[in-house]
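What follows is one structure encoded as structure tokens, with my remarks underneath.
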Amino acid sequence: MSRVGILGGAFDPPHNGHVALAREAIEHFGLGRLLVRVVAAPGHKDVDAAAPARLHLAELAFASVDEAEVSLDPFARTADSLEALGLDDPLFLIGADELAAFPTWARPERVLELARLGVATRPGVDRASLERVVAGLSHPDRVELFPITPYDVSSSAIRVRAAKGLSVAGLVPPPVAAEIERLSLYRAG
């Protein structure tokens, strides 16, 4: 039986860093499936694009990743989503910045009961502070840090560029750039 990974997020919009994280996690952990879960209404942040548009962009972004299965996540909280999925010990992927905030998540200990955490790190991240967060968890053995290639890209920066009418080519997969342009997503006014 192959290992299942989960990559959840707002994907507002999905970018090359998300796709690279997916590919590197699949290779590092030997994942046979990667469930890419587009959170319909994130409990921790506002989103600019409607859920169906973000789902469509994510389908385009991850189309080249054979192991990826993109779907809409109706749950705002990770613990609720994991409970509904009912998977046998999946690997939930997060970035180092998310690990720093993990203790403030809704029911973080429940998340660790339901899934292992694969935490993507990059050069410049304070590994000692991450290890302190992990050490403070009830199940530190269920967290694994793994290095990824750094990508200097963020969804918020992409939204700013698109709002100004600037190209987002090179920051997002080409089909995503074309669709953002076609639908005039993230445009000011």
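All of the numbers you see were taken from the coordinates with simple rules; none came from a lab. Remember, it's a predicted structure, so these values are computed and weren't measured experimentally. As a convention, Cβ positions derive from the backbone with ideal geometry for all residues, glycine included, and neighbour counts pool all protein chains shown.
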Taking θ as phi - 60°, what are the ³J(HN,Hα) couplings along the stretch 21-35 by the Karplus curve (6.51, -1.76, 1.60), each to the nearest whole Hz, with x for Gly and Pro? 4, 4, 4, 5, 5, 4, 5, 5, 9, x, 6, x, 9, 10, 7
Unit charges on C-beta of K, R, D, E only; dipole of the chain, Debye: 480 debye
For the pair residue 106/residue 50, report the inter-label distance in nm, with labels modelled 7 Å from Cα in the Cβ direction. 2.4 nm
Whole-Å distance, taken between Cα centres, linking the stretch 76-91 and the stretch 134-170: 21 Å
Rg/Rh ratio calculated on Cα atoms of the chain (Kirkwood radius): 0.96
Counted neighbours (other Cβ, 10 Å), sorted fewest up, put 121, 104, 149 in the order 104, 149, 121
Residue-averaged 222 nm ellipticity for the chain, from DSSP H runs of 4+ at -39500 (n - 2.57), nearest 500: -11000 deg cm²/dmol
How high is the relative contact order of the stretch 1-67, in percent, counting Cα pairs under 8 Å that sit 6 or more residues apart? 45 percent
Measure nothing fancy, just the Cα-based angle from helix 51-61's long axis to the longest principal axis of the chain, in degrees from 0 to 90, nearest 10. 90 degrees
What spacing in nm lies between the two simple spin-label points modelled at residue 167 and residue 129, each 7 Å away from Cα in the Cβ direction? 3.6 nm
Charge dipole of the chain about the Cα centre (unit charges at C-beta), most positive-ward option of 74, 9, 166: 166
If I build a Gaussian network model for the chain, linking alpha-carbon pairs within less than 10 angstrom, which residue out of 35, 130, 99 has the largest mean-square fluctuation? 130
How high is the relative contact order of the stretch 59-189? Use alpha-carbon pairs under 8 Å, at least six apart in sequence, and give a whole percent. 22 percent
Give the residue from 30, 133, 44 lying farthest towards the positive end of the charge dipole for the stretch 3-152; charges sit on Cβ (+1 for Lys and Arg, -1 for Asp and Glu) and the dipole is referred to the Cα centre. 133
Helix 174-183 versus the longest principal axis of the chain: what is the Cα-based angle in degrees, 0 to 90, to the nearest 10? 60 degrees
Among 15, 56, which comes first, then next, by fewest other beta-carbon atoms within 10 Å? 56, 15
Taking only the Cα atoms of the stretch 78-125, how large is their convex hull per residue, in Å³? 58 Å³
Fewest to most neighbouring Cβ within 10 Å: what's the order for 151, 186? 151, 186
